[in-house]
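Take a look at the structure set out below.
The values are calculated or read from the model by the stated rules, or taken from the named source; none is laboratory data. Being a predicted model, the structure only gives us computed values, none of them experimental. Glycine also receives a Cβ, built like all others from the backbone with ideal geometry; neighbour counts cover every protein chain displayed.
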Amino acid sequence: MEDKKKVEAVLFTTGRFMDLEEISKACGIGSIGYIKELIEQLKKDYSEKDSALMIQELDNKYKLNIKKEYGSITNKLISTKELDSPTTKTLAIIAYKQPVLQSIVIKIRGNKAYDHINILKEQGLILSEKSGRTRMLKLTPKFYDYFDIDDKLLKETLNQIKLKDE
């Protein structure tokens with residue numbers, strides 16, 4: 001894979017400002033100077049193309065962003081999030097521990113998690129099956145399609161993340 005495309009993929013995926021060291025680690029490229037060169041090449045590429053995208057720099061951090069003249073269009077599309085932060089955190093717990101008893105999720109996330117679980121079920125991201133006096137929660141195939149990840153990669157990724165629930 002071409003290194004410049006790796007940098008572009010990282011900036012596209014994160015959607016936030018990243019410093020050179022973060023980009024370097026995410027791409028698996030050791031030279032920060034080389035990363036800087038690749039970003040400069042990407043900046044040039046985007047400025048020469050007739051594109052709505054650009055590489056934005058702020059305080060030595062970089063982000064792939066929409067050019068200002070197209071911002072109003074995209075802001076309309078993203079003004080309503082599909083999942084709010086608390087619901088996303090509940091989904092992360094379910095993904096990390098699945099299959100997991102609903103009672104455990106509620107213990108970790110609190111009573112508001114009942115609402116989160118209902119939202120996740122409505123969106124088809126989780127299944128809920130009766131299990132004794134509680135319910136067993138599992139991810140659905142739609143979850144894997146929606147987040148474009150397979151079960152093995154999800155487990156590897158989640159095993160690298162330490163959650164504060166234990």
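All of LYS67, LYS61 fail the test of being of a type outside the set (Phe, Trp, Tyr) and modelled with pLDDT of 90 or more, apart from LYS61. Name the single residue that is farthest from GLU69 (Cα to Cα) among those in the range 12-56 being part of a helix (DSSP H, G or I) and among the β-branched types (Val, Ile, Thr). Here the answer is ILE32.
Counting only residues that are exposed (fewer than 15 other Cβ atoms within 10 Å of the Cβ) and acidic (Asp, Glu), the range 6-38 holds 3 of them.
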